[in-house]
Amino acid sequence: MNELFFVRVFAYSITPLLLATAHMLLDRQTRTTAQRIELFMVYLLAISVGANGLGGAFGHLFLSDLVAEGVGWPAGSPFQLEMGFANLLIGVLGIMAINRRDGFRTAAIIATTILGVGATIVHIIDIAATGNLSPGNTIINLGNLLDPVLLIGLTWLASHNTDMGADGVVSEGWYMRLEMIAGMSAAGIGTGFGIGYALDSLFLWTLIGTLAGVGLGLVLSNRAVRNQGNLIVERS
């Protein structure tokens with residue numbers, strides 16, 4: 001049971017940072033501070049908010065007794081269904097916010113912050129009142145707090161960066177590659193996590209899913225950018 005929550009925090013909170021760092025270092029087109037901020041923001045929205053929210057929704061809706069056991073709370077509460085739909089809301093907002101650079105993205109970050117911080121407060125109150133140190137009542141709070149802190153910090157940096165939103169800072173092809181790779185990475189992590197849970201090999205399959213998602217994202221993004229370039233040449 002401990003592995004479930006450790007791997008979840010690693011997959012949905014640490015992995016996006018590792019992937020964003022690798023993307024930044026390997027992509028020669030990522031040169032400006034504005035690009036780096038956007039790169040980390042998109043990976044966090046896709047994985048920490050989108051994939052994490054959908055994964056949490058699946059757990060609360062379809063594996064509610066297991067989730068209750070991991071948190072150390074009684075099973076069978078209908079409130080888990082409500083929590084499942086709240087996580088579904090956050091997941092959908094995260095996915096929709098990937099290609100948005102406006103108030104919608106800010107609203108998605110506010111929503112995930114309120115849910116993450118609120119859930120952590122509830123867990124802390126329960127720990128103080130009952131001494132419940134189950135992994136779902138303790139470990140999961142790392143991700144609940146880390147993700148909002150990073151997203152708020154990046155939003156603040158973006159608002160104070162003069163290059164953000166300026167014409168010509170990044171190309172449409174750069175955004176296309178970033179969004180596709182981050183999106184497929186999120187899908188790979190979520191799929192690998194699910195398969196790993198079913199096969200009782202969480203870390204291995206989450207790693208396999210991550211690598212498969214990144215690889216597929218690279219292939220599809222390269223093809224999309226190449227097709228876009230051919231289309232521009234044909235029109236010129």
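The values are calculated or read from the model by the stated rules, or taken from the named source; none is laboratory data. Nothing here was measured: the structure is a model prediction, and the numbers come from that model. Quick reminder, even Gly has a Cβ in these numbers, built from the backbone with ideal geometry, and neighbours come from all protein chains shown.
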* Residues in segment 94-115: is at least one under 19 Å from the mean Cα position of the chain (by Cα) and among the acidic types (Asp, Glu)? -> yes
* Asked: Which one of these does Gly70 not meet: (1) of a type in the set (Gly, Ala, Ser); (2) surrounded by 15 or more Cβ atoms within 10 Å (Cβ to Cβ); (3) within 19 Å of the chain's Cα centre (by Cα); (4) more than 22 Å from Ile181 (Cβ to Cβ)?
  -> (3)
* Examine segment 26-38 for a residue that is surrounded by 14 or more Cβ atoms within 10 Å (Cβ to Cβ), under 25 Å from Thr191 (Cα atoms) and among the aliphatic types (A, V, I, L, M), and state whether such a residue exists. => no
* **Boolean, Ser201 is surrounded by fewer than 17 Cβ atoms within 10 Å (Cβ to Cβ) and within 16 Å of Ala11 (Cβ to Cβ)** => yes
* Note down all Cβ pairs under 7 Å where the first residue falls in segment 123-150 and is surrounded by 20 or more Cβ atoms within 10 Å (Cβ to Cβ), the second is outside any helix (DSSP H, G or I) and at pLDDT below 95, and they're at least six residues apart or on different chains. => Ser134/Gly72; Gly136/Gly72; Asn137/Gly72
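Can we say Thr120 is crowded, with 16+ Cβ neighbours inside 10 Å and free of Cβ contacts under 8 Å to residues at least 40 places away in the same chain?
yes
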* Structure fact -> Of (1) more than 20 Å from Phe193 (Cβ to Cβ); (2) in a helix (DSSP H, G or I), Ala20 satisfies every one except (1)
* Identify, from the list Thr106, Thr112, the residue that is touching a residue at least 12 places away in the same chain (Cβ under 8 Å), in a helix (DSSP H, G or I), surrounded by fewer than 18 Cβ atoms within 10 Å (Cβ to Cβ) and of a type outside the set (Asp, Glu). => Thr106
* Structure fact -> Those helices (runs of 4 or more DSSP H) completely within segment 46-103 that have 1 or more residues that are of a type in the set (Phe, Trp, Tyr) are 52-62, 79-97
* Structure fact -> Taking segment 3-31 and keeping residues in contact with a Phe, Trp or Tyr (Cβ under 6 Å, 6 or more places away or on another chain) and small (Gly, Ala, Ser) leaves Ala11, Ala20
* To do: May I ask you to list the residues in segment 58-103 that are among the charged types (D, E, K, R), under 20 Å from Leu39 (Cβ atoms) and free of Cβ contacts under 8 Å to residues at least 24 places away in the same chain?
  => Arg100, Asp102
